[in-house]
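Mind having a look at this structure? Questions to follow.
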Amino acid sequence: MLLKEHRFRFVAGTETLLFRIEELVKGPTTWPHRFKLTLPASFHSEAKTFYGQSCYEVAEKAANFIDRKATDSGTDRSAHSSPGPGAFPRLALQIEQPESD
């Protein structure tokens, strides 16, 4: 199995997370789509895996999941936000550039 890694930064409030998305380049797999991201278990949720047709789709799914979990857990971030109740500011997903040797 040959995998390629894509990295995205996700910023929500004061938190910055790094998403490491795997792309299946070659080999057999049981993945339903070519791209996969697994978020590790945390204090607030179990581990969660996202699949998609593109790395951007997978990153957005994970970002939306984290947004929803923050709101569901009772975290009040609306004080930092103007878009609407329960919403909080989120920067666009940022693509990490690969380091060159």
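The values are calculated or read from the model by the stated rules, or taken from the named source; none is laboratory data. What you are looking at is a predicted structure, and each value in this text was computed from that prediction instead of being measured. Every residue, glycine among them, receives a Cβ derived from its backbone with ideal geometry; neighbour counts consider all protein chains shown.
Among the residues of the range 1-35, what is the count of those that are out of contact with any helix residue (DSSP H, G or I) (no Cβ under 7 Å at 6 or more places or on another chain) and either surrounded by 16 or more Cβ atoms within 10 Å (Cβ to Cβ) or of a type in the set (Gly, Ala, Ser) (or both)?
Count: 4.
Taking only pairs six or more apart or across chains, which ones have beta-carbon atoms under 8 Å, a first residue in the range 13-31 that is at pLDDT 85 or above, and a second residue that is among the hydroxyl-bearing types (Ser, Thr, Tyr)?
Trp31/Tyr51
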